[in-house]
Amino acid sequence: MNARHTAAPSTDLDHQREAIAGLGHELRALVDATVRTVTPADVLHRVTDEVRRLTSQLTGRRRTRTEIPHVDEFPGGIRMFSPVTGPGNPLAPPVRVTPDGDGVTGHCTLGIAHEGPPGYVHGGMSAMLLDELMGWACSAAGTPAMTVSLQLRYHGPVPVETPLRVHARVTGTEARKVFVTGSITTEADGDRQLVTAEAVFVAPDPERARALFPER
Ligand SMILES: CCCCCCCCCC(=O)SCCNC(=O)CCNC(=O)[C@H](O)C(C)(C)COP(=O)(O)OP(=O)(O)OC[C@H]1O[C@@H](n2cnc3c(N)ncnc32)[C@H](O)[C@@H]1OP(=O)(O)O
């Protein structure tokens with residue numbers, strides 16, 4: 001799991017993002033502990049009551065389904081609650097994305113919460129990582145777009161608790177269509193592609209984009 005971000009906040013927005021990331025970090029630790037524990041039922045009941053009590057403290061206004069969080073930059077920027085890159089989402093590893101020469105690279109370590117076969121990553125999780133990174137590659141190329149087709153090949157199992165590298169790059173465009181490839185390797189063996197992907201993304205036409213994202 002990624003280390004908690006500890007840089008000093010400089011604005012209210014940074015302060016809010018810092019707080020969101022802090023809660024996300026602790027919740028990821030809770031999720032990890034939850035899927036590993038062999039503690040007896042009476043302890044689980046006690047913890048369940050405590051978690052229910054904590055959840056009830058997250059009161060006040062909740063954002064609506066289509067509302068873009070004020071801490072985000074959409075499209076193509078910060079997504080605090082993304083299930084892949086969002087530091088505030090306990091479902092996210094989270095993946096740290098960096099631009100590279102010909103696309104984008106994501107770095108993450110998945111835990112037992114993301115397991116499919118024992119000790120290895122769930123295939124759907126690999127698909128989610130690649131889909132997201134390929135979306136970032138589209139944005140990095142100046143064309144924010146949505147997946148219309150995603151084809152994956154699983155060449156070898158992806159280990160959990162192992163630093164991973166997810167790479168994605170745009171290989172071509174045709175009007176609003178963007179063609180993208182991606183791969184997952186371990187950080188230790190960047191030459192051995194464990195999963196590869198080919199995808200077509202489409203940049204929605206402006207009218208469709210307004211209908212899909214009314215609060216953008
Ligand atoms: C905007 C940025 C948002 C970024 C967020 C992060 C994304 C992370 C990745 C995702 O998870 S995206 C979520 C999963 N994807 C979807 O939910 C998309 C569902 N599909 C749609 O909503 C519409 O297809 C879409 C808005 C993407 C496009 O609708 P449009 O009405 O704007 O496009 P249209 O249907 O006219 O198709 C445009 C071109 O794409 C082609 N196309 C459509 N579906 C295709 C397909 N499946 N395979 C190949 N090509 C396809 C279509 O033939 C056409 O080609 P031509 O221009 O050559 O005629």
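The values are calculated or read from the model by the stated rules, or taken from the named source; none is laboratory data. Values in this document were obtained by computation on a predicted structure and should not be read as measured data. All Cβ positions, even for glycine, are placed from backbone atoms using ideal geometry, and neighbour counts span all protein chains on display.
Cβ-Cβ below 9 Å, separation at least six or inter-chain, first residue in segment 32-47 and acidic (Asp, Glu), second part of a helix (DSSP H, G or I): which pairs?
Within 9 Å, the pairs are Asp32/Ile112; Asp32/Ala113.
Looking at Val35, Val71, Val43, Val31, which is the one that is touching an Asp or Glu at 6+ places or on another chain (Cβ under 9 Å), among the hydrophobic types (A, V, I, L, M, F, W, C) and surrounded by 10 or more Cβ atoms within 10 Å (Cβ to Cβ)? Talk me through it step by step, then tell me what you get.
On the way: Val71 fails: touching an Asp or Glu at 6+ places or on another chain (Cβ under 9 Å); Val43 fails: touching an Asp or Glu at 6+ places or on another chain (Cβ under 9 Å); Val31 fails: touching an Asp or Glu at 6+ places or on another chain (Cβ under 9 Å).
Selected residue: Val35, the only one of Val35, Val71, Val43, Val31 that is touching an Asp or Glu at 6+ places or on another chain (Cβ under 9 Å), among the hydrophobic types (A, V, I, L, M, F, W, C) and surrounded by 10 or more Cβ atoms within 10 Å (Cβ to Cβ).
Report, by residue number, each residue of segment 72-87 that is under 10 Å from the mean Cα position of the chain (by Cα) and within 9 Å of the ligand (Cβ to nearest atom).
Matches in segment 72-87: Arg79, Ser82, Val84.
Taking the options Glu215, Glu198, name whichever one is closer than 25 Å to Pro75 by Cβ, part of a strand (DSSP E or B) and among the acidic types (Asp, Glu).
On the way: Glu215 fails: part of a strand (DSSP E or B).
Going through Glu215, Glu198 in turn, just one is closer than 25 Å to Pro75 by Cβ, part of a strand (DSSP E or B) and among the acidic types (Asp, Glu): Glu198.
Table: residues versus (1) within 16 Å of the ligand (Cβ to nearest atom); (2) over 26 Å from Arg208 (Cα atoms).
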| position | (1), (2) |
| --- | --- |
| Thr143 | yes, no |
| Val158 | no, yes |
| Val166 | yes, yes |
| Val170 | yes, no |
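Enumerate the strands (runs of 3 or more DSSP E) found wholly within segment 74-188, keeping only those where 2 or more residues are crowded, with 16+ Cβ neighbours inside 10 Å.
Qualifying strands (runs of 3 or more DSSP E): 103-109, 146-154, 163-174, 177-186.
Being at pLDDT 95 or above, away from the ligand (no atom under 14 Å from the Cβ) and either of a type in the set (Ser, Thr, Tyr) or under 18 Å from Ala29 (Cβ atoms) (or both), is that true of even one residue in segment 61-71?
No: zero hits.
(1) under 18 Å from the mean Cα position of the chain (by Cα); (2) within 11 Å of the ligand (Cβ to nearest atom); (3) of a type in the set (Ser, Thr, Tyr): which one isn't true of Thr162, the others all being true?
Of (1) under 18 Å from the mean Cα position of the chain (by Cα); (2) within 11 Å of the ligand (Cβ to nearest atom); (3) of a type in the set (Ser, Thr, Tyr), only one is false for Thr162: (2).
Could you check segment 172-216 and list, in sequence order, the residues that are farther than 21 Å from Asp131 by Cα, more than 10 Å from the ligand (Cβ to nearest atom) and either touching a residue at least 40 places away in the same chain (Cβ under 8 Å) or over 23 Å from the mean Cα position of the chain (by Cα) (or both)?
Those that are farther than 21 Å from Asp131 by Cα, more than 10 Å from the ligand (Cβ to nearest atom) and either touching a residue at least 40 places away in the same chain (Cβ under 8 Å) or over 23 Å from the mean Cα position of the chain (by Cα) (or both): Arg210, Pro214, Glu215.
Given the criterion away from the ligand (no atom under 12 Å from the Cβ) and in contact with a Phe, Trp or Tyr (Cβ under 7 Å, 6 or more places away or on another chain), identify the matching residue among Gly119, Gly123.
Exactly one of Gly119, Gly123 is away from the ligand (no atom under 12 Å from the Cβ) and in contact with a Phe, Trp or Tyr (Cβ under 7 Å, 6 or more places away or on another chain), namely Gly123.
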